[in-house]
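The values are calculated or read from the model by the stated rules, or taken from the named source; none is laboratory data. This one's a predicted model, so the numbers in the text were calculated from it and none came from an experiment. FYI the Cβ positions are ideal-geometry reconstructions off the backbone, even for glycines, and counts take in every protein chain you see.
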């Protein structure tokens with residue numbers, strides 16, 4: 001679980017948790033892209049086109065993911081600011097962090113902007129500083 005729905009719920013300031021769905025969802029503050037769009041190269045153009053209405057993009061990489069979430073250098077095609085976010089539950093090892101950091105850096109992200117423990121909702125406030 002990457003935490004996209006948790007982060008979108010926080011950014012939307014929604015009392016009700018937002019559900020994970022299999023299509024692109026436009027909301028007031030967020031546009032959520034499902035993982036299956038990232039797994040299909042023919043969907044990349046649709047994702048790239050979303051930047052026309054976006055202020056920035058968050059590339060969210062879960063610490064426990066054992067496969068690459070994004071294609072190599074994908075972040076470089078965007079003209080909007082792209083932020084690298086690592087999410088995890090409970091704890092992680094240095095090896096897990098190094099692997100996850102490398103996964104995000106290979107997408108073309110210049111730095112990891114936030115590491116968020118999804119089990120601690122107060123850590124989501126780091127996004128406020130990053131996005132404002």
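Filtered by the rule that a residue be more than 29 Å from residue 119 (Cα to Cα) and surrounded by 10 or more Cβ atoms within 10 Å (Cβ to Cβ), the range 50-71 gives 50, 51. One residue alone among 121, 34 is within 15 Å of residue 7 (Cα to Cα), surrounded by fewer than 13 Cβ atoms within 10 Å (Cβ to Cβ) and modelled with pLDDT under 95, and that residue is 121. Criterion first (in contact (Cβ under 8 Å) with a residue 60 or more places away in the chain and assigned to a loop (DSSP other than H, G, I, E, B)) does residue 6 satisfy it? So residue 6 does not fit the description; no.
Condition first: in contact with a helix residue (DSSP H, G or I) (Cβ under 7 Å, 6 or more places away or on another chain), over 23 Å from residue 129 (Cβ atoms) and either surrounded by 13 or more Cβ atoms within 10 Å (Cβ to Cβ) or modelled with pLDDT of 90 or more (or both). Can you find one or more residues in the range 86-106 that meet it? No, the range 86-106 contains no residue that is in contact with a helix residue (DSSP H, G or I) (Cβ under 7 Å, 6 or more places away or on another chain), over 23 Å from residue 129 (Cβ atoms) and either surrounded by 13 or more Cβ atoms within 10 Å (Cβ to Cβ) or modelled with pLDDT of 90 or more (or both).
Restricting the range 115-131 to residues that are touching a strand residue (DSSP E or B) at 6+ places or on another chain (Cβ under 6 Å) and in a helix (DSSP H, G or I), the residue that is farthest from residue 64 (Cα to Cα) is 130.
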